[in-house]
Amino acid sequence: MSNAIAKEPDRPSVAIIGAGICGLGIGWRLAAAGCRVDVFERGAAGREASWAAAGMLAAQVETEPGEEALLALNLESQAAWPAFARVLEAASGIDLGYRGEGTLVVAAHRDDAAELRHTYEFHRSLGLDMTWLTGGQARRLEPHLAPAVSAAVLSEKDHQVDNRQLVLALQAAFSRAGGTLHEHTAVEAVDVAAGRARGVQVDGRAVAADMVLLAAGAWSYDIDGLPPAARPPVRPLKGQMLSLRMDPRAPIMDHVLWGPGIYIVPRRDGTLILGATVEDKGFDRDLTAGGIHRLLEAAWEILPQIEELPIEEMWVGVRPTSRDDAPILGPTPIEGLVVATGHHRNGVLLAPLTIDAVSAFVLDGSLSPAIAPFGIGRFHAQGATLAAGGGE
Ligand code: GLY
């Protein structure tokens with residue numbers, strides 16, 4: 001490994017920690033702009049949260065009370081997705097499996113309808129574009145919905161993309177743009193001297209870089225060499241998931257489906273993804289009987305047709321979740337150290353905006369107003385301490 005040298009004299013050399021969607025995507029943009037970019041990944045590229053995700057672009061239906069500021073960011077990135085997908089598909093030659101049928105949120109039983117109505121009213125009060133449906137209207141859209149489904153909300157703008165294709169596409173685009181990927185190569189520390197990032201320590205060696213991007217997902221808190229104020233307060237939030245196999249010539253559903261305790265995401269190739277548990281269990285990777293049982297039972301309640309479908313895969317992922325569930329983007333108190341992490345449940349949705357905004361900051365120092373409220377400094381502004389002792 002040689003010390004980094006800028007490909008173009010006016011462009012910074014950049015060391016990126018983490019080859020997930022953020023690291024590969026920002027690396028792609030920077031390499032395409034003429035930067036020398038090295039991405040370091042402790043495992044295989046894109047095989048953590050980026051691979052475990054379901055790929056829902058659900059800015060509307062996933063919005064919870066207290067997330068109004070995040071909603072604006074999510075909606076902006078959602079709107080950017082179709083153009084982003086076209087550009088990335090052209091750059092990589094890989095189809096992202098973008099699907100625009102929309103998302104149906106259903107009440108599994110009459111008792112659930114009141115809660116669904118409450119959430120619908122909340123979403124409408126935020127100006128979101130959703131339509132209330134009777135159970136019968138929902139079954140006209142998805143004929144295999146259970147007879148007990150008593151009501152539904154249609155969100156036509158909440159689309160989906162195949163996140164694993166996204167990973168492969170970003171990896172291909174990054175390498176076509178001239179970036180260098182170092183898999184199974186953990187960064188031990190960020191080199192900081194006189195308040196400035198100078199590069200990274202890898203395998204006991206210093207790799208110099210003008211800028212360092214920390215995009216290590218749930219591991220972002222654990223990189224050595226940083227003072228507390230520059231360590232993003234990100235923790236792992238476990239999710240168990242599984243996939244079933246439909247006949248792609250006769251799929252049992254087309255929309256993304258949400259019900260109590262479950263979402264179901266149909267891919268064009270017949271994969272049907274069921275997710276996800278939300279468990280504060282650190283980096284625990286166990287698949288549990290209870291976790292998988294709950295997912296299957298909740299899915300079966302609203303879509304009994306899954307009964308005969310073969311199970312294809314079961315997996316565990318860890319969401320990189322910040323203290324306030326919003327991403328941490330942009331500069332840090334260390335000059336030359338930039339972060340893109342903490343995307344919690346919204347990593348795929350926020351990919352276009354994160355990649356655009358963070359790349360722009362690295363290239364010319366411009367901080368997009370969209371990401372300005374989501375800097376690492378907000379945790380200090382609230383009087384929170386980022387002192388060592390593990391991610392919160
Ligand atoms: N965005 C879906 C999840 O985190 O499970």
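The values are calculated or read from the model by the stated rules, or taken from the named source; none is laboratory data. Treat the numbers as computed from the prediction; the structure is a model and nothing was measured. Counting neighbours? That spans all protein chains shown, and the Cβs are built from the backbone with ideal geometry, glycine included. Ligands, DNA and RNA are stripped out before the accessible areas are found, and what is left, the full protein with its side chains, is counted by its heavy atoms. Shrake-Rupley method; radii C 1.70, N 1.55, O 1.52, S 1.80 Å.
Please verify whether the range 375-391 includes one or more residues that are more than 24 Å from the chain's Cα centre (by Cα) and modelled with pLDDT of 95 or more. I'd like the intermediate steps shown before the answer.
Residues of the range 375-391 more than 24 Å from the chain's Cα centre (by Cα): 380-385, 387-389.
Adding the requirement that they be modelled with pLDDT of 95 or more leaves none.
No, the range 375-391 contains no residue that is more than 24 Å from the chain's Cα centre (by Cα) and modelled with pLDDT of 95 or more.
For (1) touching a residue at least 60 places away in the same chain (Cβ under 8 Å); (2) open to solvent by 10 Å² or more (accessible area, probe 1.4 Å); (3) away from the ligand (no atom under 16 Å from the Cβ); (4) assigned to a loop (DSSP other than H, G, I, E, B), each residue gets a yes or a no:
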| site | (1), (2), (3), (4) |
| --- | --- |
| V339 | yes, no, yes, no |
| N346 | yes, yes, no, yes |
| L349 | yes, no, no, yes |
| I355 | yes, no, yes, no |
| V358 | yes, no, yes, no |
| S366 | no, yes, yes, yes |
| I376 | yes, no, yes, yes |
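What number of residues within the range 277-295 satisfy the criterion of being open to solvent by 20 Å² or more (accessible area, probe 1.4 Å), closer than 23 Å to M246 by Cβ and within 16 Å of the ligand (Cβ to nearest atom)?
Filtering the range 277-295 for residues open to solvent by 20 Å² or more (accessible area, probe 1.4 Å) gives 278-290, 293-294.
Remaining after also requiring closer than 23 Å to M246 by Cβ: 287, 293-294.
Filter again for within 16 Å of the ligand (Cβ to nearest atom), leaving 287, 294.
Result for the range 277-295: 2.
Is it the case that some residue within the range 225-235 is in a strand (DSSP E or B), of a type in the set (V, I, T) and under 24 Å from A58 (Cα atoms)? Step through it out loud before you land on a result.
Of the residues in the range 225-235, the ones in a strand (DSSP E or B) are 234-235.
After this cut, where a residue has to be of a type in the set (V, I, T) as well, the list is 234.
Restricting the remaining residues to those that are under 24 Å from A58 (Cα atoms) gives 234.
Yes, the conditions are met somewhere in the range 225-235.
With touching a residue at least 40 places away in the same chain (Cβ under 8 Å), more than 22 Å from the chain's Cα centre (by Cα) and crowded, with 24+ Cβ neighbours inside 10 Å as the only criterion, which of A197, A177, A229, A215 stands out?
Values: A177 fails: crowded, with 24+ Cβ neighbours inside 10 Å; A229 fails: crowded, with 24+ Cβ neighbours inside 10 Å; A215 fails: more than 22 Å from the chain's Cα centre (by Cα).
Being touching a residue at least 40 places away in the same chain (Cβ under 8 Å), more than 22 Å from the chain's Cα centre (by Cα) and crowded, with 24+ Cβ neighbours inside 10 Å holds for just one of A197, A177, A229, A215, which is A197.
Out of everything in the range 29-49 that is within 12 Å of the chain's Cα centre (by Cα) and open to solvent by 20 Å² or more (accessible area, probe 1.4 Å), what residue ends up being nearest to the ligand (Cβ to nearest atom)?
Taking the range 29-49 as the starting set, the residues that turn out to be within 12 Å of the chain's Cα centre (by Cα) are 46, 48-49.
Then drop every residue that is not open to solvent by 20 Å² or more (accessible area, probe 1.4 Å), which leaves 48-49.
Values: E48: 13, A49: 9 Å.
Restricting to residues being within 12 Å of the chain's Cα centre (by Cα) and open to solvent by 20 Å² or more (accessible area, probe 1.4 Å), the top hit is A49.
Output the residues belonging to the range 55-82 that are among the hydrophobic types (A, V, I, L, M, F, W, C), in contact with a Leu (Cβ under 9 Å, 6 or more places away or on another chain) and touching a residue at least 60 places away in the same chain (Cβ under 8 Å).
M56, L57, A58, A59, V61, L73, A80, W81
Give me the pairs: first residue in the range 34-48 and at pLDDT 95 or above, second residue among the acidic types (D, E) and open to solvent by 10 Å² or more (accessible area, probe 1.4 Å), beta-carbon distance under 6 Å, and six or more apart or on different chains, which are they?
The qualifying pairs are G34/E8; E41/E183; A44/E183; A45/E183.
Could you count how many residues in the range 232-265 are more than 16 Å from the ligand (Cβ to nearest atom) and without any contact (Cβ under 8 Å) to a residue 40 or more places away in the chain?
Within the range 232-265, residues that are more than 16 Å from the ligand (Cβ to nearest atom) and without any contact (Cβ under 8 Å) to a residue 40 or more places away in the chain number 5.
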